[in-house]
1. Please verify whether the stretch 198-205 includes one or more residues that are among the hydrophobic types (A, V, I, L, M, F, W, C), open to solvent by less than 10 Å² (accessible area, probe 1.4 Å) and either closer than 30 Å to residue 71 by Cα or at pLDDT below 95 (or both).
2. Quick check: is even one residue across the stretch 199-214 free of Cβ contacts under 8 Å to residues at least 24 places away in the same chain, over 24 Å from residue 130 (Cα atoms) and hydrophobic (A, V, I, L, M, F, W, C)?
3. Restricting to the stretch 206-234, count the residues that are closer than 19 Å to residue 263 by Cα and surrounded by fewer than 19 Cβ atoms within 10 Å (Cβ to Cβ).
4. Tally the residues that are farther than 13 Å from residue 19 by Cα and open to solvent by 10 Å² or more (accessible area, probe 1.4 Å), restricting the search to the stretch 48-62.
5. Being on the phi < 0 side of the Ramachandran plot, touching a residue at least 60 places away in the same chain (Cβ under 8 Å) and among the polar types (S, T, N, Q) is true for just one of 21, 56. Which residue is that?
6. With 55, 112, 105 as the choices, which residue is at pLDDT 95 or above and small (Gly, Ala, Ser)?
7. Which condition number does residue 237 fail, the rest of (1) open to solvent by 30 Å² or more (accessible area, probe 1.4 Å); (2) of a type in the set (D, E, K, R); (3) at pLDDT 95 or above being met?
8. Can you confirm whether the stretch 218-235 contains a residue that is in contact with a strand residue (DSSP E or B) (Cβ under 7 Å, 6 or more places away or on another chain), under 18 Å from residue 130 (Cα atoms) and among the aliphatic types (A, V, I, L, M)?
Amino acid sequence: MVEKPSGSPMKIFRKSSDLLTDEAIGDWLRELRGRPYVPESGFDVTAVIRSRLGSTDGYYFGGVNVENPDHRISTHGEEGSLAAMVTALGIEAEILEVWLMGAPSGLEKGTSDSLAQAGITCCGKCRQQLTNFAGESTPIHSIALNGAISTTALGTLLPNQFTFRQFRPEALSRVPEVPHPPSVEQVERRLVRFEETMSQDAILGWLDSLQSADLATDISDAVVLKLGNGTYVSGVKIEEAAYVDMSAIQCAVAIATGEFGKQDVHEVWSLSRGRGAKGLVEQGFQPLTLSSVQVLLQFAVHSDIPVYLVNGQGDCRPTSLSDSFALAPRFSEPAPGAEQAADGRNFRS
């Protein structure tokens, strides 16, 4: 079991009443190097987001890139930071500033390699992801491994932004009021639990406390993964107006990798529940998507790890990762008498 010493900070989260300097952020980005999972590119990307919840500033979240044989479902450093922010603070969180660093794995500060002098910028997918929680003037800082820094506004990187403000403005009016900003301990326990064994009730309570960004579908997904190092991590689905979403599994794996480096996954607990009219599917069990299965296959200790599907009423259905292939949801014409989601979609279950 991993022991978390009393007072020892997490690797991917810091809370500071004073704004962290670019130098301090640069050191943090370098500390995160070596944790990315980059077997194909060998290129470490680390990122830090400064965010605010309500009037409380100073929440900082770190992230790293996690590659997958299916390149489209790899997660980038900025997405890792975003995964931690939304899982910890919810959809009301606002991005105030972003820093990122990228260089080949193994390079260290001070090397004469030209790639240690160069900065990187956000790819198009990450620009789109960030803009749903940030404004056009939000600064994006690129810090080279050797320390050079350049800054560009997000609106310059992604002009004429397209977000849920254009796509589903009515959904934004349903976002709940900003809750009381969580303490450091509360944030840490929303992301990671340093417990060798958790009861089903404790896991279900954790899942129930998480809020995903579900403005497109009104169906919230949250997961808890049991890791081989004796810890549990969580993640939530983050939907995006251009449909470059991150699944709850992707987010949880990104959080785990940023905090610990690559870890084996031993168990999966997945909660799906509807809101409003979608609440009609509360009694059903939403299986893992094939993309989530693909992510897990890279990290699961074996292909038959247990997967526990939880519905909106708190009922639990045990299955396995291998069974998830057959159960994966897909659009289809409903069979006669088949149960159907409120929006007309038919999911196998």
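The values are calculated or read from the model by the stated rules, or taken from the named source; none is laboratory data. What you see is a predicted model, and the numbers here were worked out from it, not measured in a lab. All Cβ positions, even for glycine, are placed from backbone atoms using ideal geometry, and neighbour counts span all protein chains on display. Areas reflect the complete protein model, heavy atoms only, side chains present, ligands, DNA and RNA absent. Shrake-Rupley method; radii C 1.70, N 1.55, O 1.52, S 1.80 Å.
1. Taking the stretch 198-205 as the starting set, the residues that turn out to be among the hydrophobic types (A, V, I, L, M, F, W, C) are 198, 202-204.
With the extra rule that they be open to solvent by less than 10 Å² (accessible area, probe 1.4 Å), the set shrinks to 203.
Restricting the remaining residues to those that are either closer than 30 Å to residue 71 by Cα or at pLDDT below 95 (or both) gives none.
No: zero hits.
2. yes
3. Going through the stretch 206-234 one residue at a time, the tally reaches 3.
4. Looking only at that region, the number is 2.
5. 56
6. Values: 55 fails: at pLDDT 95 or above; 112 fails: at pLDDT 95 or above.
Just a single option satisfies the conditions, and that option is 105.
7. Condition (1) is where residue 237 drops out.
8. no
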